[in-house]
Amino acid sequence: MPPPTVTLSNASLRYGPRNLLDNFRLVLQGGKWTCLLGQSGVGKTSVLRVLAGLAGTGVTAETHCDDGLPLKGRIAYMAQQDMLLPWHSAVNNVTIGARLRQELHATDRKRGQELLADLGLGGHEDDLPATLSGGMRQRVALARTLFEAKPVVAMDEPFSALDAITRYQLQGLAAQRLQGSTVLLVTHDPMEALRLGHRIYVLSGLPAQLGAPLEPNQAPPRPHGDPQLMCLHAELWDQLAA
Amino acid sequence: MAIFERSRAITAATTTAGLLLVWQLVVWVSAVPHYILPAPWDVLGAWWAHAGRLLDHAEVTIIEIVVGLILGLMLGVASALTLTYFRPVRRWMLPVLVVSQALPVFALAPLLVLWLGYGLASKIAMAVLIIYFPVTAACYDGLRHTPRGWLDLAATMDASAFAVLRHIRLPGALPALASGVRVATAVAPIGAVVGEWVGSSAGLGYLMLHANARMQVDLMFAALITLAVFAVTLYFAMDAALKRLLHWQADTTSPTSED
């Protein structure tokens, strides 16, 4: 079954006296990466959390999938912090979802090991998170997201705490491994959005509105320093700073 | 690691020998009568002479401490879970908890002996009372401060409330709980001995009072040292068990390589 197109509609978010979102609507195309850019506090993380079913107080929204099935239980979530459980080894962190659903099978461990090896962490299965570097930990977090094997993935600035080179490598890995999934990537880095997004929106204003989408021609992950990207980068920069 | 362990053993032995030496020197220099402060050598002699009796009484006190500790830990963790998961209970239970700690256990000891008798029960109750609060407070604190991100992640993974408790909240609360357990292990002997002082017919506390009344100060010291050796052993055993359980917790006071 192909990953669904997901529509978030009628989203409202009140924060004190301010209306951060009002009758907001966002469409995530099935099997594509949608990137959401915006300044801090504009409400982009709230949009992602509503979608992931993590709504806080004061939020209302409707989600709809074009295949008619509910979104709940079909979305994986990856945050800026790796959120690895420090008492579990790398592979047990990857398979934590199965453990939490109380359906952990012997084959899960093997699949977890394969995912780790695929992301360049072969031989580190039994290492504790505290012994891994920041980049390695975020790879484990990516493996955990992939382990969930959900058609929709919500990522909240997943690479922003990493150094430039590690970030570049992880962007590439994520783009390859999540190819064909419906992805929402929230980021504050225009270059990251341009590298990874099929469709890029800037969220701005109060209540927040989406700008006109950018759709770079090439398939992601796009290489650094591509002339078209540089052009679009300037355009995005203007939208963000406006 | 082995070298580290050995150097620790050497440190402990040196400290003990040093203290004994100071004790002996004080006895020599001040020439206090032996019924005020007996020399270490005399205490050792008294211990040897009364070994059977000391060990019998020690057994009673050890049972009181260990049973009190186990019951207190179970009760403390159960209370912390109740406080965490039942909001209405929290409003009623927190004041009771604070009162249980504000009332000095020493003041309750005579009542407990009156109600529960001269046997083990009143001493176990004392030990439970004295460790209940630190365990409950530490465990509740740990359960309350589970990082939001872990809970978010679990929510997107369709985890049941029980699975979150079992796999995230409880293990996450272990470091905090361990601090409470360490305090509890250190103070549990106080509860048992105070209970024995107030009213009992057995136990090291009883033996100390008994010896005191007969001016057998060397026997008193022998009982005191027996209690101290057991209390210290219990503490270090518990500490080692907790460290083993929390092997994943990085000790940031020890040198480590970053990245």
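The values are calculated or read from the model by the stated rules, or taken from the named source; none is laboratory data. What you see is a predicted model; the values in this text were computed from it and never measured. Every residue, glycine as well, gets a Cβ built from its backbone with ideal geometry; the counts of neighbours run over all protein chains shown. To get the accessible areas, we keep the full protein, side chains included, count just its heavy atoms, and leave off ligands, DNA and RNA. Shrake-Rupley method; radii C 1.70, N 1.55, O 1.52, S 1.80 Å.
A few remarks follow.
- Among helices (runs of 4 or more DSSP H) entirely within the range A:57-167, having at least 1 residues that are within 14 Å of another protein chain (Cβ to nearest Cβ) and in contact with a strand residue (DSSP E or B) (Cβ under 6 Å, 6 or more places away or on another chain) singles out A:134-148.
- Residue within the range B:7-15 that is in a helix (DSSP H, G or I), in the same structural domain as B:Arg166 (by TED's automatic domain parsing), farther than 30 Å from B:Leu177 by Cα and β-branched (Val, Ile, Thr) present: no
- Residue among B:Gly72, B:Gly76, B:Gly52 that alone is at pLDDT 85 or above, over 19 Å from B:Ile124 (Cβ atoms), open to solvent by less than 50 Å² (accessible area, probe 1.4 Å) and among the small types (Gly, Ala, Ser): B:Gly52
Matching residues to (1) within 30 Å of A:Gly16 (Cα to Cα); (2) assigned to a helix (DSSP H, G or I):
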site: A:Val186; (1), (2): yes, no
site: A:Glu192; (1), (2): no, yes
site: A:Ile200; (1), (2): yes, no
site: A:Leu206; (1), (2): yes, no
site: A:Pro216; (1), (2): no, no
site: A:Pro220; (1), (2): no, no
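- First in the range A:226-242 and in the same structural domain as A:Gly205 (by TED's automatic domain parsing), second anywhere and open to solvent by 80 Å² or more (accessible area, probe 1.4 Å) and modelled with pLDDT of 85 or more, Cβ under 8 Å, 6 or more apart: A:Gln228/A:Asn217; A:Leu240/A:Gln39
- Residues of the range A:1-21 classified as open to solvent by 80 Å² or more (accessible area, probe 1.4 Å) and either of a type in the set (Lys, Arg) or part of a strand (DSSP E or B) (or both), total: 3
- Selected residue (criterion: most open to solvent (accessible area, probe 1.4 Å)) from residues of the range A:108-129 that are within 18 Å of A:Leu162 (Cβ to Cβ) and within 24 Å of the chain's Cα centre (by Cα): A:Gly120
Condition check ((1) more than 18 Å from B:Ile130 (Cα to Cα); (2) crowded, with 18+ Cβ neighbours inside 10 Å) across all residues:
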| position | (1), (2) |
| --- | --- |
| B:Trp150 | yes, yes |
| B:Glu196 | no, yes |
| B:Ser200 | yes, yes |
| B:His210 | yes, no |
| B:Phe221 | yes, yes |
| B:Ile225 | yes, no |
| B:Tyr235 | no, no |
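- Extreme residue, nearest to the chain's Cα centre (by Cα), among residues of the range A:69-107 that are of a type outside the set (A, V, I, L, M, F, W, C), over 25 Å from A:Asp163 (Cβ atoms) and open to solvent by less than 20 Å² (accessible area, probe 1.4 Å): A:Gly97
- Filter pass, B:His34 being in contact with a Leu (Cβ under 6 Å, 6 or more places away or on another chain) and either in the same structural domain as B:Val193 (by TED's automatic domain parsing) or part of a loop (DSSP other than H, G, I, E, B) (or both): no
- Extreme residue, most open to solvent (accessible area, probe 1.4 Å), among residues of the range A:131-161 that are among the basic types (Lys, Arg) and closer than 23 Å to A:Gly53 by Cβ: A:Lys150
- Scanning the range B:216-259 for residues that are at pLDDT 90 or above, more than 26 Å from B:Val181 (Cβ to Cβ) and in a loop (DSSP other than H, G, I, E, B) yields a single hit, B:Gln216.
- Residue list for the range B:237-254, filter: buried (at least 17 other Cβ atoms within 10 Å of the Cβ) and either free of Cβ contacts under 8 Å to residues at least 24 places away in the same chain or closer than 27 Å to B:Trp41 by Cβ (or both): B:Trp248
- When B:Arg87, B:Arg91, B:Arg144, B:Arg182 are checked against the criterion of being more than 14 Å from every other protein chain (Cβ to nearest Cβ), touching a residue at least 12 places away in the same chain (Cβ under 8 Å) and exposed (fewer than 15 other Cβ atoms within 10 Å of the Cβ), a single residue qualifies: B:Arg144.
- Residue among A:Ala212, A:Ala175 that is over 20 Å from B:Gly149 (Cα atoms) and part of a loop (DSSP other than H, G, I, E, B): A:Ala212
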